[in-house]
């Protein structure tokens with residue numbers, strides 16, 4: 001396959017960036033999208049040019065490090081797929097592909113396709129945990145959890161923290177990310193005790209970091225590589241209202 | 001001769017005894033000590049969080065953009081613990097024995113017993129943190145089976161157990177960041193260990209965003225920097241996983257133990273071409289319900305579902321009737337390699353066998369199987385374009401885990417006082433082969449329940465804040481590190497870093513991989529130095545050091561692999577026996593199984609760096625078995 005790429009190039013956080021044209025040759029359908037970029041980068045290095053910087057690590061769709069917008073869609077055209085798990089058989093020979101970083105006010109660009117997502121860590125720091133110390137906890141089977149609840153908690157807990165939901169949202173909202181953690185913990189008996197306080201501090205932290213609010217576009221759900229549902233945003237809202245009334 | 005300092009006395013009382021002996025640091029004094037924790041995978045995050053909870057000041061470093069991304073996140077199948085909830089005969093002793101036997105009698109009894117003892121507490125802790133483990137309809141925790149065991153002791157969260165455990169440790173860590181006891185240093189790479197008066201007192205790092213190289217001092221250092229399977233270029237490890245932190249500690253005097261003990265995982269998606277950057281594991285848990293087979297007649301090109309039952313060779317079930325498809329990893333990998341070497345493999349190049357879940361799908365239904373392994377089937381489909389519900393997966397072994405690592409004593413302290421090594425980065429618990437679902441157990445045992453106790457014993461005897469980054473040792477380390485970086489940037493040769501890595505990987509896979517011989521090892525030892533010389537003359541690292549430069553990061557890691565590869569081959573050559581993942585073709589039984597030599601090799605080989613270009617010195621720690629009988633491992 002031969003492809004034409006338009007890739008966002010930006011030297012640093014304070015520099016301006018632009019789309020740069022690159023040709024990719026000898027690409028095979030078995031390559032992942034990142035392996036295609038590896039080929040382009042090898043070529044750039046051999047020509048004495050700077051390779052394209054992009055975040056990646058596990059390359060199996062779970063670490064949440066990769067963060068590219070492909071043809072306008074965070075993580076590209078395939079549903080429930082991270083960039084590293086997107087394979088070139090999803091593209092046609094001769095295609096033109098636009099590659100940009102995740103864009104949001106809360107995610108400043110560091111270089112090329114790499115953005116700073118530490119704002120998400122700070123939302124978790126605000127209260128995305130159960131306040132338990134190591135040791136001194138009861139036997140694991142002391143508190144039973146209905147299978148349905150454990151499954152629902154797991155549906156929410158699958159979030160990989162990539163930030164695609166933010167990049168997809170017209171408001172740059174981190175509501176799905178925050179809702180996933182709030183719902184995961186609030187669904188379990190162990191997490192119920194701090195649920196009211198948690199939802200308040202995490203929501204506050206989200207706003208402080210410059211993320212927008214939810215406008216019910218549902219773009220986040222469409223972009224989420226783990227298929228996390230917007231019903232959790234409804235759960236977050238419910239938890240938030242309950243906390244306000246309490 | 002080196003001493004692992006295992007406590008005397010009955011096996012089951014050793015850890016309690018040691019805990020009684022360990023000195024404590026009072027709560028008022030804890031806040032005066034500073035501890036560096038490098039790496040934020042399961043071992044690093046759990047240790048940093050727990051040390052923070054105890055009141056120490058912790059600096060937590062990782063090269064990723066967030067501590068939520070350590071490679072432990074990729075672990076799929078589960079975590080072992082001896083709770084005996086299924087009432088199928090599990091016990092602390094049985095987990096201990098399975099692990100010792102699984103490791104082919106090359107690990108320390110005392111360490112492994114302690115691991116089994118604390119395993120239950122890990123599950124309790126994780127449930128309290130809110131980890132949504134799989135449950136049955138009555139609300140109790142569910143278990144599954146894993147290789148090398150005949151009981152069901154594996155706890156799991158769908159096919160993402162590692163992710164859930166890591167996010168649990170990460171949330172505990174974030175809580176401590178909030179509390180002010182832990183400071184995070186993401187996108188920071190450790191490049192050197194700083195030793196002052198023989199003790200570990202700090203590290204030199206590179207800020208991966210600004211390129212700044214700087215030093216951090218502390219009262220103790222914990223390395224939780226994972227394994228070195230990426231030495232093979234293609235492995236199941238994350239792209240950033242490397243030997244660098246451990247290797248640079250080795251160059252500063254820390255002993256490296258059993259570097260040749262590497263694990264090749266039997267069920268990974270086969271290589272599809274030269275462009276490949278990593279290999280993807282298909283969890284061992286699939287072997288609970290899956291059956292491994294190849295066509296009986298070689299070169300049978302029919303699609304798998306057209307091959308009748310009578311013409312299939314379920315070779316694991318045939319060779320190992322007692323354990324069948326749940327034979328341990330090293331044994332299964334070699335069996336798959338044998339079948340493919342004899343021309344019985346399937347798929348491109350004959351490098352693959354079928355992992356078939358169709359019987360289970362028929363019996364339990366697609367939905368139930370989807371619930372257990374859905375994410376794995378999806379992953380397989382994305383990578384290969386094939387639907388595993390309709391046709392069996394093709395799998396082939398791939399480098400996955402490294403049992404070798406920095407040498408540590410019973411307290412997980414290396415031979416350098418103040419340097420503790422946790423998780424995959426140390427060598428301690430898995431001997432010559434790790435059992436599935438045991439790495440998550442070991443990392444969390446080290447981080448939550450062992451080092452928080454043992455590190456206090458070291459600190460109690462050390463004045464806090466003894467050194468600051470103004471000490472001349474830091475200046476020297478800084479200068480050396482900057483020197484290496486500058487050198488890499490000025491070579492400006494013709495070959496890319498990846499190119500060298502790929503070539504090294506091929507050399508290691510062919511000669512120091514699943515089957516090793518005196519001849520192949522000597523061959524590797526002959527080629528590696530030449531490749532290393534070429535690297536330092538002809539590598540091209542574009543850009544500068546004063547910016548985010550991913551090629552420079554990679555170049556440093558590959559440079560270390562090029563040195564470490566030689567140590568690994570040397571260790572493999574010196575160990576004239578086959579055990580676990582280390583298979584020397586000269587040492588095998590008539591039916592092709594590993595043949596141990598307990599008379600001459602029942603020891604840990606700990607290597608000491610003696611200077612560039614010099615032979616490393618071998619130190620031996622004899623392995624003494626007081627409680628188990630050394631036997632030939634049999635899974636038949």
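The values are calculated or read from the model by the stated rules, or taken from the named source; none is laboratory data. Predicted, not measured: the structure shown is a model, and the values here were computed from it. Don't worry about glycine lacking a Cβ; one is built from the backbone with ideal geometry, like all the others, and counts go over all protein chains shown.
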- Query: Of the residues that make up segment A:30-46, is at least one at pLDDT below 95, within 30 Å of residue B:160 (Cβ to Cβ) and in a loop (DSSP other than H, G, I, E, B)?
  - Reply: yes
- Note on the structure: When restricted to B:277, B:272, B:238, the only residue surrounded by 24 or more Cβ atoms within 10 Å (Cβ to Cβ) and within 12 Å of chain A (Cβ to nearest Cβ) is B:238
- Message: Among the residues that make up segment B:112-122, is at least one of them touching a strand residue (DSSP E or B) at 6+ places or on another chain (Cβ under 8 Å) and within 30 Å of residue A:155 (Cα to Cα)?
- Response: yes
- Identify all residues within segment B:565-585 that are at negative phi, in contact (Cβ under 8 Å) with a residue 40 or more places away in the chain and surrounded by 23 or more Cβ atoms within 10 Å (Cβ to Cβ); write none if there are none. B:565, B:568, B:569, B:571, B:572, B:575, B:579, B:581, B:582, B:583, B:584
- In segment B:445-455, anything surrounded by fewer than 24 Cβ atoms within 10 Å (Cβ to Cβ), within 13 Å of residue B:18 (Cβ to Cβ) and within 14 Å of chain A (Cβ to nearest Cβ) is listed as B:449, B:453
- Message: Which numbered condition in (1) under 26 Å from the mean Cα position of the chain (by Cα); (2) under 22 Å from residue B:50 (Cβ atoms); (3) not in a strand (DSSP E or B) is the only one that residue B:202 fails?
- Response: (3)
- Message: If a residue must be at the interface with another protein chain (Cβ under 8 Å from one of its Cβ atoms) and part of a strand (DSSP E or B), how many such residues does segment B:58-81 contain?
- Response: 0
- Look through B:202, B:227 and report the one residue that is closer than 18 Å to residue A:57 by Cα and surrounded by 22 or more Cβ atoms within 10 Å (Cβ to Cβ). B:227
- Query: From the residues in segment A:154-169 that are within 7 Å of chain B (Cβ to nearest Cβ) and in a helix (DSSP H, G or I), which one is nearest to the chain's Cα centre (by Cα)?
  - Reply: A:157
- All conditions in (1) part of a loop (DSSP other than H, G, I, E, B); (2) at pLDDT 95 or above; (3) within 9 Å of chain B (Cβ to nearest Cβ); (4) in contact with a strand residue (DSSP E or B) (Cβ under 9 Å, 6 or more places away or on another chain) are true of residue A:94 except (3)
- Query: Which of the residues spanning segment A:60-84 are more than 7 Å from chain B (Cβ to nearest Cβ) and either at pLDDT below 95 or surrounded by fewer than 23 Cβ atoms within 10 Å (Cβ to Cβ) (or both)?
  - Reply: A:69, A:70, A:71, A:72, A:73, A:77, A:78, A:79, A:80
- Query: Mind checking whether some residue in segment A:50-59 is more than 7 Å from chain B (Cβ to nearest Cβ) and part of a loop (DSSP other than H, G, I, E, B)?
  - Reply: yes
- Task: Specify which of the listed residues (A:99, A:110) is in a strand (DSSP E or B), surrounded by 15 or more Cβ atoms within 10 Å (Cβ to Cβ) and away from chain B (no Cβ under 14 Å).
- Result: A:99
- Task: Could you list all residues from segment B:193-219 that are in contact with a helix residue (DSSP H, G or I) (Cβ under 6 Å, 6 or more places away or on another chain) and closer than 22 Å to residue B:70 by Cα?
- Result: B:193, B:204
- Checklist (1) within 10 Å of chain B (Cβ to nearest Cβ); (2) touching a residue at least 24 places away in the same chain (Cβ under 8 Å); (3) more than 24 Å from residue B:120 (Cβ to Cβ) applied to residue A:179, failing item: (1)
- Task: Answer yes or no: is there a residue in segment B:506-521 that is crowded, with 17+ Cβ neighbours inside 10 Å, more than 30 Å from residue B:266 (Cα to Cα) and touching a strand residue (DSSP E or B) at 6+ places or on another chain (Cβ under 7 Å).
- Result: no
- Query: Considering B:68, B:153, which residue is under 20 Å from residue B:446 (Cα atoms), under 19 Å from the mean Cα position of the chain (by Cα) and not assigned by TED's automatic domain parsing to the domain that holds residue B:281?
  - Reply: B:68
- Message: I'm checking my understanding of the structure. Among residues of segment A:200-218 that are in contact with a helix residue (DSSP H, G or I) (Cβ under 6 Å, 6 or more places away or on another chain) and not in a helix (DSSP H, G or I), which one is surrounded by the fewest Cβ atoms within 10 Å (Cβ to Cβ)?
- Response: A:209
- Scan A:5, A:19 and give me the residue that is more than 7 Å from chain B (Cβ to nearest Cβ), out of contact with any helix residue (DSSP H, G or I) (no Cβ under 9 Å at 6 or more places or on another chain), in a strand (DSSP E or B) and more than 16 Å from residue B:382 (Cα to Cα). A:19
- Query: Taking segment A:127-153 on its own, how many of its residues are assigned to a helix (DSSP H, G or I), touching a residue at least 12 places away in the same chain (Cβ under 8 Å) and either in contact with a strand residue (DSSP E or B) (Cβ under 9 Å, 6 or more places away or on another chain) or facing chain B (nearest Cβ under 7 Å) (or both)?
  - Reply: 3
